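Asks: Have a look at this one.
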Amino acid sequence: MYKNVVDFIQELYNTKEFLPLHEPRFIGNEKKYVNEAIDSTFVSSVGKYVTQLEAMIAEFSGCKYAIATSNGTSALHIGLKLVGVDKSCEVITQPLTFIATANAISYCNAKPVFIDVDKETLGLSPSKLKEFLEEFTVMNEVNECINKITKKTIKACVPMHTFGHPCKIDEIVSICDEYNISVVEDAAESLGSYYKGKHTGSFGKVGVFSFNGNKIITTGGGGMIVTDDKELASRAKHITTTAKVPDPYEYVHDEIGYNYRLTNLSAALGVAQMEQLPLFIEKQRELAKEYEAFFKDLDMQFITEPENSNSNYWLNAVILKDRKTRDSFLKYTNDNGIMTRCIWRLMNKLEMFKDCQCGDLSNSEWFEDRVVNISSSVIV
Ligand SMILES: Cc1ncc(COP(=O)(O)O)c(C=O)c1O
């Protein structure tokens with residue numbers, strides 16, 4: 001059976017050579033714009049491409065403001081700071097995510113609380129979130145949500161749209177609103193994915209995208225903060241650019257800021273990639289349809305977009321019978337030139353986060369044992 005899978009993927013990609021999991025595609029104006037950036041001498045964090053990429057992402061995602069950053073992790077870090085996360089706080093997130101989500105919480109000296117994902121979405125479960133908040137929290141006199149066990153304020157919640165598939169973000173936002181918890185949406189993987197017709201990343205107070213080399217579009221390394229809140233947007237710009245106060249001569253900085261700006265060189269690449277994004281999404285959705293039809297008759301389940309959503313199918317994945325089958329599938333495919341990878345080890349099982357509070361994580365554990373990512377480069 002595994003041989004069938006390898007044969008099918010090699011046929012799809014029309015190659016018997018080694019196939020990486022997700023390669024970028026540069027088929028448009030990438031070289032032209034990067035060369036223009038070099039010729040202009042504006043290669044660093046100021047330049048027309050940074051501004052242009054910000055405008056393109058704001059328009060595409062339907063958010064009023066977009067602020068470019070050096071990567072998705074720094075965007076998350078700043079997103080959490082924008083909503084006031086600090087050492088006195090806890091932040092709810094899912095254990096089934098890339099390390100950056102939990103790391104960004106730690107950069108704020110806050111602690112993650114891990115709540116399970118839904119079986120249908122692989123993203124944070126609104127029902128388990130509600131159960132946790134009902135059982136373990138109380139609102140104080142200034143309307144903060146207090147964890148009854150640790151006595152800390154639960155300030156923010158970071159749901160993540162796994163592999164590009166939207167979670168039930170509207171329900172999550174309305175539960176969080178009830179508890180005065182700010183939602184910072186980790187949409188690093190889901191540029192081009194919609195939930196109930198609205199772009200992921202635009203539901204929370206702040207949303208975050210990544211343009212890492214393995215994402216649906218890339219700037220080499222880069223990220224974006226999106227928000228509809230003018231004040232948060234200008235604060236994001238300020239603290240990602242060393243918190244420098246405008247002055248014709250002097251270097252004056254009014255707080256500890258960060259050098260988290262995207263470079264104009266990277267943004268030039270990003271602008272060219274954004275021009276290709278509609279095509280990339282179309283091709284990813286076609287590829288997913290092919291996978292879906294192929295896996296229908298096999299003893300493994302191809303993960304499809306959840307109800308009410310339109311996914312960018314950034315990273316394709318299958319569910320195997322159990323961990324043993326998962327491991328033999330991983331070995332066979334990688335030994336035969338098809339790069340596949342298992343899903344992340346759960347955050348609560350990592351040394352740094354092993355003491356964090358968790359809800360019931362049975363769905364996350366189920367996925368951890370079974371999910372494997374398969375070839376997902378755009379076929380053009
Ligand atoms: C879910 C998630 N969050 C955050 C990030 C961080 O983005 P970056 O690699 O650009 O720092 C990534 C991807 O890399 C991711 O997959």
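The values are calculated or read from the model by the stated rules, or taken from the named source; none is laboratory data. Values in this document were obtained by computation on a predicted structure and should not be read as measured data. Glycine gets a Cβ as well: all are built from the backbone with ideal geometry, and neighbour counts include every protein chain shown.
Asks: Which condition does L298 not pass, out of (1) farther than 21 Å from E368 by Cβ; (2) assigned to a helix (DSSP H, G or I), if it passes all the others?
Replies: (2)
Asks: Follow-up question, since we're still on this one. Within the range 254-265, is there a residue that is at pLDDT 95 or above, in a strand (DSSP E or B) and within 22 Å of the chain's Cα centre (by Cα)?
Replies: Yes: the range 254-265 contains one or more residues that are at pLDDT 95 or above, in a strand (DSSP E or B) and within 22 Å of the chain's Cα centre (by Cα).
Asks: Which of the residues spanning the range 349-366 are out of contact with any Asp or Glu (no Cβ under 6 Å at 6 or more places or on another chain), part of a helix (DSSP H, G or I) and closer than 11 Å to D116 by Cα?
Replies: Selection gives S362, E365, W366.
Asks: Provide a single number: the residues in the range 185-213 that are assigned to a strand (DSSP E or B) and within 11 Å of the ligand (Cβ to nearest atom).
Replies: Count: 5.
Asks: Among the numbered conditions (1) closer than 16 Å to E275 by Cβ; (2) touching a helix residue (DSSP H, G or I) at 6+ places or on another chain (Cβ under 7 Å), tell me where I67 comes up short.
Replies: (1)
Asks: For the subset of the range 157-183 comprising residues that are away from the ligand (no atom under 11 Å from the Cβ) and assigned to a strand (DSSP E or B), which member is farthest from the chain's Cα centre (by Cα)?
Replies: Ranking the qualifying residues of the range 157-183, first place goes to S182.
Asks: Let me ask another. Test I27 against the criterion of being hydrophobic (A, V, I, L, M, F, W, C), more than 16 Å from the ligand (Cβ to nearest atom), under 27 Å from N316 (Cα atoms) and in a loop (DSSP other than H, G, I, E, B), and give yes or no.
Replies: Criteria met by I27.
Asks: Given the conditions (1) over 10 Å from the mean Cα position of the chain (by Cα); (2) buried (at least 20 other Cβ atoms within 10 Å of the Cβ), which single one is not true for F209?
Replies: F209 satisfies every listed condition except (1).
Asks: Considering each of E59, E54 in turn, give the residue that is buried (at least 17 other Cβ atoms within 10 Å of the Cβ), of a type outside the set (S, T, Y) and within 26 Å of the chain's Cα centre (by Cα).
Replies: Sole residue among the options that is buried (at least 17 other Cβ atoms within 10 Å of the Cβ), of a type outside the set (S, T, Y) and within 26 Å of the chain's Cα centre (by Cα): E54.
Asks: Also, I was wondering about something else. Can you name every residue in the range 316-340 that is of a type in the set (D, E, K, R) and buried (at least 16 other Cβ atoms within 10 Å of the Cβ)?
Replies: R326, the sole residue that qualifies.
Asks: Still on this model: Taking E17 as the residue in question, decide whether it is touching a residue at least 24 places away in the same chain (Cβ under 8 Å) and buried (at least 20 other Cβ atoms within 10 Å of the Cβ).
Replies: no
Asks: Check the range 229-247 and report whether any residue there is surrounded by fewer than 24 Cβ atoms within 10 Å (Cβ to Cβ) and closer than 23 Å to N312 by Cβ.
Replies: No, that holds for no residue.
Asks: Now for a different question. Going through S88, S40, S44, S70 one at a time, which residue ends up being at negative phi, within 19 Å of the chain's Cα centre (by Cα), surrounded by fewer than 22 Cβ atoms within 10 Å (Cβ to Cβ) and not hydrophobic (A, V, I, L, M, F, W, C)?
Replies: S70
Asks: Kindly indicate whether any position in the range 214-222 is part of a loop (DSSP other than H, G, I, E, B), near the ligand (Cβ under 10 Å from one of its atoms) and hydroxyl-bearing (S, T, Y).
Replies: There is at least one residue in the range 214-222 that is part of a loop (DSSP other than H, G, I, E, B), near the ligand (Cβ under 10 Å from one of its atoms) and hydroxyl-bearing (S, T, Y).
Asks: Something else now. Taking the range 71-120 only, how many residues are more than 14 Å from the ligand (Cβ to nearest atom), not in a helix (DSSP H, G or I) and not aliphatic (A, V, I, L, M)?
Replies: 14
Asks: Return a yes/no flag: does the range 160-170 have any residue that is under 14 Å from T137 (Cβ atoms) and out of contact with any His (no Cβ under 8 Å at 6 or more places or on another chain).
Replies: no
Asks: Being part of a loop (DSSP other than H, G, I, E, B) and either surrounded by 20 or more Cβ atoms within 10 Å (Cβ to Cβ) or of a type in the set (A, V, I, L, M) (or both): is that true of W344 here?
Replies: Taking the combined requirement at face value, the residue does not satisfy it.
Asks: Pairs under 6 Å by beta carbon, first residue within 28 Å of G72 (Cβ to Cβ) in the range 234-253, partner of a type in the set (D, E), six or more apart or different chains?
Replies: A243/D254; A243/E255; V245/D254
Asks: Related question: Any chance the range 33-45 includes a residue that's assigned to a loop (DSSP other than H, G, I, E, B) and within 16 Å of the ligand (Cβ to nearest atom)?
Replies: No, that holds for no residue.
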